[in-house]
Structure formats: structure tokens, C-alpha cells
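Only the coordinates and a few stated rules stand behind these numbers; no lab work does. Quick caveat, the model's predicted, so the values are computed rather than measured. Positions of Cβ are generated from backbone atoms using ideal geometry, with glycine treated the same way; all protein chains shown enter the neighbour counts.
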Amino acid sequence: MKKNKTKMIILITAATLLVLLVVSNFIYVSPRETLLYKAQQYLTYSKSDWENYEENKKILGDNPADGHMETVVERAVSPEDIYSLDTNRVAPEVKDEELKKIKNANFENLIPSSHVPDHEDAQAALIRFTKGRLTDVIINQKINIKVGKCYDNPHTEGNYHCISCMILLYNRDTKDWQEAPNGDHFLKPAYDFYQPSKGDIWEAKDLSMRIPFDYDLYKKFESKK
């Protein structure tokens, strides 16, 4: 009886592998994806998931991260304390220190920008800036980049226009924001976005000036459950 059960398990496993092998000849799997992930897509994706997937695939196709693109702007050196924190989600001693930084930051002098990238433009800029690391997150972790309130940044470094904005990672599966990508925390909570010349595409670089934490952005994309 035990021998028959073992034989049955082996046959089922072999049959499953054979099916996957046959299916792999009919399903296109891009270099960024795995066959298992592709099979999961066909089994679990809704219509809206497929629409979002196709939109992201187009963005990634328009912005290849092959290392051949050059940027005319050097990356700014950004100390970690340049990034504002959510004072509602930190320890009391950290909150006290953060409130002191906010007081000394003179946020009232910042000028909200009326010329900003939309979510897709900001995401495309970060795809290029991260040289492909963001690509896996967008496809395999169902994450999209959302951009918040932006402020005019006088540190243009010779570019036509520069702004500083907070970003948020929005999970298309949970319909909620998340702190960081799973496994590799390489994204910062805010970046500079700039246009090298008038009408040019938006590019991204490290944040060069402190801006307020964007509570409205997080509230907008939090789960409504």
C-alpha cells in the first residue's frame, strides 16, 4: 500500500512537471519573470490586474534599464537625516528630535510646485535612476510608485527645472501602501525630480533638500478596509 502511494506521488509530480514543460512552450516569459510567476498570473489575475500589468510593461519598455543611458547630473550626497519622518510612528525620543529638525527647517519658506511629474512619469524616472532594481519590484511584488506634494528646488545644477517630492510604494494586491520593497530596502522616501531642458522627460536623483513628511499622500493611498 505504501509502495503504491509513493508511486502515485512520483507519477503526479512527473505529470505536473510535464504539464509545466508543455505550457512553457506556449506562454511567453520575459527575462524579468519566472514561469512560476507567469502561471500564477494566469491563475489569479483579475481584469484590473492585467490592465495594470500591461500598463507597467509599457512603461518598462519605454524606459529600459540597460545601463546605456547617461545622466548629465551627478548624484547629490544625501545624509539620512534629510528625510522627514512620520512623527506618529516613531519612538518618543526620536519624535522629539524630529520636531526640532522640523522647527529648524523653515518649511514655511518652501514653494509648492505647480509643474510636477505624474505618478507614471515619477515611476519611469525612478526605474532609470535605480538602473533596473525597481523593475523587479513593479512586476513581481505588484508595487507602483505614487508621488506626493512637490516643492520647487533651487538646486537645479544646471537643469531647466528641479523639484523635491515624497514618494510612496503602493501595493496593487493589498490596495495599500507599504514601507519598503520585500527583501531589498533600496528606495528612499523622497527624491529630487528634474527636467534637463524645457519639455524634456523627468529624471530622478537623490534628495537635496529637506521637505515635510507628506501625510496626505499616505492617507490617500491607505487601505480603505
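Odds and ends about this structure:
- Across the cross-link table entries LYS142/LYS188; LYS95/LYS142; LYS146/LYS224; LYS101/LYS175; LYS103/LYS149; LYS131/LYS198, which are compared at the Cα atoms, the separations over 26 Å belong to LYS95/LYS142; LYS101/LYS175.
- Positive-end residue of LEU217, THR87, ASN106, charge dipole of region 80-220 with Cβ unit charges: LEU217
- Phi angles of region 97-112 translate, via the Karplus equation with coefficients 6.51, -1.76, 1.60 and θ = phi - 60°, into HN-Hα couplings of 5, 5, 5, 5, 5, 5, 4, 8, 7, 6, 4, 5, 8, 6, 10, x Hz per residue; Gly and Pro are given as x.
- Each listed q (0.20, 0.21 Å⁻¹) maps to a log10 I(q)/I(0) for region 72-225, found by the Debye formula over equal Cα scatterers with no solvent: -1.39, -1.49.
- Counting only the Cα atoms, region 160-225 fills a convex hull of 116 Å³ per residue.
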